[in-house]
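Every number here is computed from the coordinates shown, using simple stated rules; none is lab data. Here the structure is a predicted model, which means the values were calculated and not measured. Neighbour counts run over all protein chains shown; Cβ positions are idealised from the backbone, glycine included.
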Amino acid sequence: MTFEENGIFIRATSGQEKSKCPKCSHQRRKESDPCLSVNVDEGVWHCHHCGWKGSLNKKVKSLTIPKPIVKPKPPKTDLPDEVYQWFEDRCITRIVVESEKIGYENRWIKFPFYKNGQVVNIKSRTADKKFRQSKNAEKCFYRFDHMVGMETIIITEGEMDALSLVQSGFVNVVSVPDGATAPNSKPSDLKFSYLLSAEEHLMNAKTVILCTDSDGAGQHLREELSRRIGREKCFRVTYPDGCKDMNDVLIQHGEDKVQDIVSNAHPYPIDGVVMIQDVEDEAIDLLLKPDHSGLSTGWVAVDPHYLVSPSEVTVITGVPNMGKSEWMDALMINMVQLYGWKFGIFSAENFPVKHHLLKLVSKFADQPFWGDDKMSEETARASMSVLNDHIKFIGTQETNVTIESILEQARILTYRYGLNGLVIDPWNTLEHKFGDGENETNYISRVLSQISAFAKMNELHIWIVAHPRKMDNGIDHKPLVPDPYSISGSANWFNKTDNAITVHRHKSDEEDYAGIHVHKIRFQYKNGKPNFGKPSKLKYNLKNGKYYEYIEEFKTDIFAEN
Amino acid sequence: MSTSRNLKQIFLQKIKTLPDQQSQERGNRIMRNRLWLEFDKVWVRYNNNKALFQEWEKALNNWVNMETL
């Protein structure tokens, strides 16, 4: 009985595969949906749609009644000279071939698998790379006895690689019995059954060096072995150019190079841990770069205190109606004009989008979009045409926009258009979904970490406009400048963001300016220093919505006669 | 008519429509200059068969639109 006889058509020869169900797929609206899970190794299947399940009886029978393990006889070790020569061509000497008790019979070279001093399996190969193993033999590592009690174990993908290491002076070398599987195949437990008998020795070993091939299959095997053995004790090797395995290295560079490669094996990377050697070159690049400061905001008064760098998060706060969104838009237009940056904008307070677009066009074209001297249609269209490449509005179609949906849209836009910046304005219009038992503080901490990671991963600068929790008034009954600690939610706004800015309008009889209060800059060596209490002054132009450098008027007439 | 002459003709027709005066605002001046340089690079790439006509046309339109402000 075969899968085809049951109407199941699969490509895989081992592991798991999904396929169309012969019972229900043709009746379904989504006919191509692979609803049938097939386990090729065990010969069983199950349809997740109609529930049809079955098995290839033969195969299951063979699984349920295990066949007795057969121990093959040791191979004949009297090898003809041409076999020794074949090994010599691969830089494996006669001494190693003899010590490993390699046999030969009828054009098959035989590698005996010794376990506890007895041959438990024989893998045979021809010169033209045809392989076979003893029928019903036990699966174990090649050279199993050499891993017993070892603190360091070297695992290779094939017998020739293991022999190359033995030739180079290593004893504690073993090889997987079945080589590597295809890179995209799912690892089947049967394929790795040889690990079971070696479990104790692998657990006791302090270091496991994985010397699999550098091709896709080898890397796949390395990933799976490291995952099963434990990445904390796994090391991996790097082959020189032109070599894909240890035998290549031995042939092309000699035994010293093989020893060199094994002794320079790198610890297996652990998720989230970066070793100095991993980032050394990037840090040196940064050091040698002539100018690694952030990008100008476009305002001379602001630049000493705040420059824009990728992979950072800036929170902007301020009393409502004091221009934080306007300043954010102006900064965005400056970045478009000066550097051609591309932005994704979620700006719920500026919906519908046409209003927001006109505000941006007005800043871009330096002309108002309302009043008697408003811009012409041609100017607006030309501006929109240019801005079309640089600005994408996101989160406009959904009623309940979450931070996850914003980041997902930003991710797609980054992939398609290469965004440089993302603006979330304002924070409180997003729908916030707290986790079970999560309070606002924990939620904001978690989400800011998520946003920060997203910014770093996609090399975006993310601006979040957030309202303050409450407005304290000063003795003159005017609102005080809020700082990021005043933002509704928690102190995480100050702690977890890279930069924190307040936009505040300072209006009095003597002066009227927009103050840019920079409270926090994480990387001050490249992005400037905060201007505690001494805001950068900008002049807001109501007509076109732009911010200009603030030129202080003389308070006294210096030309006046005394 | 060769392709390169065709491009030249399109380019000359486009620049005929440009206004005499443009915005002298700093951001616009910088962006104008950058878009011109980008267009220049795309033209060189087009001549080396490394860019499509659509890319050339888009870069030209971007620059012309910026010049009309």
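Under Stokes-Einstein, with the Kirkwood radius over Cα pairs as Rh, the value for the stretch A:335-483 at 20 °C and 1.002 mPa s is 123 µm²/s. At 4 °C and a viscosity of 1.567 mPa s, what translational diffusion coefficient does Stokes-Einstein give for the stretch A:124-273, taking Rh as the Kirkwood radius over Cα pairs? Give it in µm²/s as a whole number. Result for D is 83 µm²/s. Kirkwood-type hydrodynamic radius, the protein assembly as shown: 31.1 Å, calculated from all non-identical alpha-carbon pairs. Counting only Cα atoms, the size of the stretch A:73-113 along its three principal axes is 28, 20, 14 Å, in decreasing order. Distance between the pseudo-spin-label points of B:ASP40 and A:ARG90 (7 Å out from Cα toward the beta carbon): 6.0 nm. Working from the Cα coordinates of the stretch A:393-439, the gyration tensor eigenvalues give, after taking √(5λ), semi-axes of 22, 12, 10 Å in decreasing order.
Over the residues of chain A, the helix contribution to mean residue ellipticity at 222 nm works out to -8500 deg cm²/dmol, using -39500 (n - 2.57) for each DSSP H run of at least 4.
Sorted ascending by nearby beta carbons within 10 Å, beginning with the fewest, A:HIS26, A:HIS461 become A:HIS26, A:HIS461. Neighbour counting of Cβ atoms within 10 Å sorts the residues A:GLU408, A:GLU4, B:GLU67, fewest neighbours leading, into A:GLU4, A:GLU408, B:GLU67. With semi-axes defined as the square roots of five times the eigenvalues of the C-alpha gyration tensor, the equivalent ellipsoid of the stretch A:24-144 measures 45, 18, 11 Å, largest first.
As a calculated quantity, the FRET efficiency between A:MET457 and A:LYS130 at R0 = 45 Å, using C-beta atoms, amounts to about 0.45. In the stretch A:208-266, Rg over Rh equals 0.98, where Rg is the alpha-carbon radius of gyration and Rh the Kirkwood radius from pairwise Cα distances.
Kirkwood radius for the stretch A:195-334, taken over all pairs of different Cα atoms as the inverse mean of 1/r, rounds to 20.2 Å. Placing a label point 7 Å from the Cα of A:ASN116 along the Cα-to-Cβ direction, none of the residues of the stretch A:135-154 has a backbone N under 12 Å of that point.
Cα-based radius of gyration for the stretch A:162-251, normalised by 2.2 N^0.38 Å, reads 1.08. Applying a 4.7 Å cutoff between beta carbons, the unpaired cysteines of the protein assembly as shown are A:CYS35, A:CYS91, A:CYS140, A:CYS211, A:CYS234, A:CYS243.
Here is the tail figure for the stretch A:434-485: Cα pairs spaced more than 18 Å apart come to 54 percent of all pairs. Cross-link reach is defined here as a Cα-Cα straight distance under 27 Å, omitting same-chain residues fewer than 8 places apart; for A:LYS53 the lysines meeting it are A:LYS18, A:LYS20, A:LYS23, A:LYS30, A:LYS61, A:LYS67, A:LYS186, A:LYS191. Its residues counted as N, the stretch A:259-409 yields a C-alpha radius of gyration over 2.2 N^0.38 Å of 1.46. When only alpha carbons of the stretch A:451-551 are considered, Rg and Dmax amount to 15.2, 48 Å. Taking the C-alpha atoms only, the angle from helix B:53-67 to the longest principal axis of chain B is near 20 degrees. Here A:THR126, B:THR68, A:THR497 are placed in order of increasing Cβ neighbour count within 10 Å, fewest first, which gives A:THR126, B:THR68, A:THR497. Compactness of chain B was expressed as the Cα radius of gyration divided by 2.2 N^0.38 Å, which yields 1.15. Beyond 24 Å in Cα-Cα separation lie the following of the pairs A:LYS342/A:LYS546; A:LYS470/A:LYS543; A:LYS342/A:LYS529; A:LYS363/A:LYS539: A:LYS470/A:LYS543; A:LYS342/A:LYS529.
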